[in-house]
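The values are calculated or read from the model by the stated rules, or taken from the named source; none is laboratory data. On a predicted model such as this, the values are computed, not experimentally measured, just so you know. In this analysis, Cβ positions are derived from the backbone assuming ideal geometry, glycine residues included, and neighbour counts consider all displayed protein chains. The protein model used for the area step is the full one, side chains on, heavy atoms only, and it has no ligands, DNA or RNA in it. Shrake-Rupley method; radii C 1.70, N 1.55, O 1.52, S 1.80 Å.
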Amino acid sequence: MTSTRTSAGVVNCVAYSRDGSRRDLPLEAISDVLAVDDGSFVWVGLYEPAEAVLDQLQEEFGLHDLAVEDAHNAHQRPKIEAYGSSLFIAVHTAQAVDERIVFGETHAFLGARYLVTVRHGASLSYASVRARAEREPELLAMGPAHALYAVMDFIVDNYQPIVAQFRSSLESLEHDVFADDYRRETIVRLYELKRELARLQLAVAPMQDVLGQLARSHDGMVPNEVRPYFRDVHDHVLRVNDASDTLREMLTAALTVNLSLVTLAQGEVVKRLAGWAALLAAPTLVASWYGMNFRHMPELEGRYAYPVLIGVVAAICLGLYRYLRKVRWL
């Protein structure tokens, strides 16, 4: 094929021989490499590629139209689909930025002698994954399935520090949760953490099925010697999912406890206000009686009626005060 098409979005295109040695090649040379059955495989890395690049790779690898259409669209749910002699895999990547999770997607095409990874949005480069794989040529000799394992393992490993960071944030909020005064910022922060973890679970939970299928089925594309590696990643993603689920429950409990403490504090305020209102009600009631303009009322003519009335009111108020203090309303 001619090389007239654009290579925008191509990070690398490498052919690996059976002994793990690498050889960079242009996209148009891929079909020539695959035509020789020498045990080599091709690993192509793309980042938000131009449509022409995917069309060219479709021709080079013989990719299915529906899989290529999905790779154009960066809004896929995590899934694994078989198209003849190839697999299309979509997973979500995640990065923590200022205590918020930024998501991206990675789409992968896996064949017997090729792996194509397509990154969209927030996603760390897989250069470190490729470098680590190249340091272990005996593992690269297992073919593209092992390269896919290395990518999946890298994606899942990036979930773990996010969960750890959110656990640390929750622990730092515990003091604010049990604070005596109400802080709206605490409720807002707890809700934001819960929302972000819910979004993380939407990315992590479906990966259990994807990795489970890679560890158990698709015999043509995943050799038996690679399956234990996928089982290991599957175990990692299970732990991440369980940890994020536990954190969500803890956040729900923290929200409930915080709101309960706020309600109790408001109840205490209401009790104190009711107690002082009761103290004010006693003299108000007595004064309202003697504020009436009736001619014949008790003690109106008595010389000591006024001091006696003041003493009675004071005694009532003192008795009420001691009682309310005893029952902790004041």
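Output the qualifying pairs, or none if there are none: Cβ atoms under 9 angstrom, residues six or more apart or on different chains, first residue in region 135-149 and on the phi > 0 side of the Ramachandran plot, second residue of a type in the set (A, V, I, L, M, F, W, C) and open to solvent by less than 10 Å² (accessible area, probe 1.4 Å).
Correct list of pairs: GLY143/PHE41; GLY143/LEU115; GLY143/VAL226.
For GLY302, indicate whether it is more than 30 Å from ARG199 (Cα to Cα), of a type outside the set (A, V, I, L, M), open to solvent by less than 80 Å² (accessible area, probe 1.4 Å) and at pLDDT below 75.
yes
Just one of (1) surrounded by fewer than 18 Cβ atoms within 10 Å (Cβ to Cβ); (2) in contact with a helix residue (DSSP H, G or I) (Cβ under 6 Å, 6 or more places away or on another chain) trips up ALA215, so point out which.
(1)
Within the set of pairs 6+ apart or on separate chains, which have a first residue in region 215-241 that is modelled with pLDDT of 90 or more, a second that is surrounded by fewer than 13 Cβ atoms within 10 Å (Cβ to Cβ), and C-beta atoms under 6 Å apart?
No pair meets every condition.
Going through ASP37, ASP70 one at a time, which residue ends up being of a type in the set (Asp, Glu) and either within 34 Å of the chain's Cα centre (by Cα) or assigned to a strand (DSSP E or B) (or both)?
ASP70
Checking ALA15 against (1) of a type outside the set (S, T, N, Q); (2) crowded, with 16+ Cβ neighbours inside 10 Å; (3) within 37 Å of the chain's Cα centre (by Cα); (4) closer than 14 Å to PHE109 by Cα, only one condition comes out false. Which one?
(4)
If you go through region 111-149, how many residues are out of contact with any strand residue (DSSP E or B) (no Cβ under 6 Å at 6 or more places or on another chain) and small (Gly, Ala, Ser)?
8
With the structure loaded, tell me whether ASP242 is within 30 Å of ALA141 (Cα to Cα), open to solvent by 60 Å² or more (accessible area, probe 1.4 Å) and either out of contact with any Asp or Glu (no Cβ under 9 Å at 6 or more places or on another chain) or not small (Gly, Ala, Ser) (or both) or whether it fails that test.
no
Would you say VAL163 is out of contact with any helix residue (DSSP H, G or I) (no Cβ under 9 Å at 6 or more places or on another chain), under 22 Å from LEU251 (Cβ atoms) and modelled with pLDDT under 90? Quick ask: steps written out before the conclusion?
On the way: out of contact with any helix residue (DSSP H, G or I) (no Cβ under 9 Å at 6 or more places or on another chain): no; under 22 Å from LEU251 (Cβ atoms): yes; modelled with pLDDT under 90: yes.
Spelling it out, it is not the case that VAL163 is out of contact with any helix residue (DSSP H, G or I) (no Cβ under 9 Å at 6 or more places or on another chain), under 22 Å from LEU251 (Cβ atoms) and modelled with pLDDT under 90.
Any chance region 94-102 includes a residue that's at negative phi and among the acidic types (Asp, Glu)?
no
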